[in-house]
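The structure appears right after this line, and notes come after that.
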Amino acid sequence: MSAKFLTFEQAKNQILNELPPLSAMETVNLTRAMHRIAAKPIVSPLNVPGFNNSAMDGYAVRLSDLTKSTQLPVADKILAGATVLPYWPENSCLRIMTGAPVPPDADAVVMQEDIQILADHIQFTQPIKQRQNIRYIGEDITQNEMIVQSGQKLTIPILSTLATLGISEVDVYRPIKVALFSTGDELCSIGTPLSAGKIYDSNRFTLTLMLQQLGCEIIDLGIIPDCPEKIEQALKQAADQADVIITSGGVSVGDADYTKQVLSQIGHIDFWKIAMKPGKPFAFGHLNKAIFCGLPGNPVSTVVTFYQLVQPLILKLSGQTSAISNLLPFKVKALTNLKKKSGRLDFQRGELIIDAQGELGVISSGQQGSHITQSLSKANCFIILEQMREDVMAGEYVTVELFNSLMS
């Protein structure tokens, strides 16, 4: 392997170590905060529950009133939303509804299924434990408790918790602006007639979907012909408008691969060869203040390099404190033979399944060429084969990484 090739880990570390998170913030309504990144920590302004309340429809009791008898008269009732508690004489119980405030001297709430109604009393039919069926103040969340850390992704459970606290707005980092274009005289737009020698520009479509999943603001510059002057114009336009420039194609060594060549003249290429498969010709650099990622033109290579290298870059730029974008890898048995040549870290596409013995295993999702898109559509994981590893025989252990939400 040439010394010019970085290992995958070297490339990923170089990308992430050079990226300061963006600091621009905005305040958005909670309904618009889904999957945004919190720019400030959030602490709870109140206790949840805010008062002791009943977890069941039933009867509030004092255990001291049950030392001599398991029968008590019902003195009154408390409904949910009550602001004034009724008088509660000794040797009696109170009918209480779910969510209603529990009197301070109540020891338990007995659910209505555990009582028997008599003429003028109720009979408790099951043993009663102190504190049963009472939700106590601050049991879920205490006032001033840290709820959200700065840099944390705001998911449905987190936003639901904030709604419970009455918080209607949150401070978040602004979306990353990504300028995107494809290069190649052979490309035509989806939905137009396909003439001889042409292919559809599926890469830009796929990258758009993935960028949308990451919450980016997308500047689509379309298809740029294999013309150095037009590529230069597109790169300069992208650098003026975006935080990140992503291109598809034009970074290999073909006669018409001009993107890397042009960028090296007007900007800076940090590296452009990685010992990974698919995705060897991945270019990373800068143009003015914009970060440049030049992805290979083959569709599977485009997806794999975006997933493994660009995704964590965008997450870090977005202000997410942890740029770990992928699920943790683990080892399982390969249930099929896997072809592999030594020299590059290989992200083969696979399907994690349960075998006939009920154990997890992984099979290849089909042909692994970088142009075989069905190897992705049939897969649910990457089979990560070490750089110096060679052919894998069925029964050997391999490392797998399940696809995260970006691929679902």
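Quick notes on this structure:
- Cα gyration tensor category, rounded, prolate or oblate, for the range 285-344 with a/c compared to 1.5: oblate
- Mean ellipticity per residue at 222 nm, deg cm²/dmol - from DSSP H runs of n ≥ 4 across the chain, formula -39500 (n - 2.57): -5000 deg cm²/dmol
- Put a dot 7 Å past the Cα of His286, heading toward its Cβ, do the same for Asp65, and the two dots end up 7.4 nm apart.
- Within the set (1) 21.2, 73; (2) 19.9, 57; (3) 30.5, 97, the number that Rg and Dmax of the Cα atoms in Å takes when calculated for this structure is listed as (3).
- Principal-axis analysis of the Cα atoms of the chain puts helix 8-17 at an angle of about 70° to the longest axis.
- Within straight-line reach of Lys77, meaning a Cα separation under 12 Å, sit the following aspartates and glutamates at least 8 residues removed in sequence or on another chain: Asp57.
- Over the range 53-135, relative contact order from alpha-carbon pairs under 8 Å, at least 6 apart, %: 41 percent
- Maximal additional length on extending the Thr192-Ser264 stretch stands at 22.6 nm, based on 0.36 nm per residue less the C-alpha distance.
- Antiparallel beta bridges, as assigned by DSSP with both residues in the chain, represent about 65 percent of the total such bridges.
- Take every Cα pair under 8 Å whose residues are at least 6 apart in sequence, average their separation, divide by the length of the chain, and the relative contact order is 16 percent.
- When both the range 379-408 and the range 1-51 are represented by their alpha-carbon centers, they are found 27 Å apart.
- Placing +1 on the Cβ of every Lys and Arg and -1 on the Cβ of every Asp and Glu, with no other charges, gives the range 96-211 a dipole of roughly 580 debye about its Cα centre.
- Residue of Cys381, Cys216, Cys227 that the Gaussian network model of the chain assigns the largest fluctuation, springs spanning Cα pairs under 10 Å: Cys227
- The range 1-54, dipole about Cα centre (Lys/Arg Cβ +1, Asp/Glu Cβ -1), debye to the nearest 20: 80 debye
- Charge dipole magnitude, Cβ of K and R +1, D and E -1 - the chain, Cα centre, debye nearest 20: 820 debye
- Mean Cα-pair separation over length for the range 330-407, i.e. relative contact order, pairs under 8 Å, 6 or more apart, %: 44 percent
- Qualifying trypsin sites (Lys or Arg not before Pro) for the range 52-115 [loop in DSSP, other Cβ within 10 Å: at most 12]: Lys68
- Asp355/Asp140 FRET efficiency (R0 41 Å; Cβ-Cβ; nearest 0.05): 0.45
- Relative to the dominant Cα principal axis of the chain, helix 202-213 is inclined by about 30°.
- Residue of Ala108, Ala242, Ala334 that the Gaussian network model of the chain assigns the largest fluctuation, springs spanning Cα pairs under 10 Å: Ala108
- From the alpha carbon centroid of the range 90-133 to that of the range 219-237 is 74 Å.
- Exposure proxy ranking for Met34, Met97, based on other Cβ atoms within 10 angstrom of each Cβ and starting from the fewest, stands as Met34, Met97.
- Residue separation of Ala75 and Leu406 scaled by 0.36 nm, minus their Cα-Cα distance, works out to 113.3 nm of gained length.
- Total lysine pairs in the range 155-310 at Cα distances under 20 Å, for residues eight or more apart or on different chains: 10.
- Alpha-carbon centroid distance for the pair the range 275-294 / the range 136-160, whole angstrom: 38 Å
- Options Leu194, Ala379, Gly279, ranked by Cα towards positive dipole end of the chain, top entry (Cβ charges): Gly279
- Selection from Leu335, Val148, Pro312, by position along the positive dipole direction of the chain (Cβ): Leu335
No lab work stands behind these numbers, since they all come straight from the coordinates. None of the values given here were measured: they were computed from a predicted structure. Cβ coordinates were reconstructed from backbone atoms using ideal geometry, including for glycine residues, and neighbour counts include every protein chain displayed.
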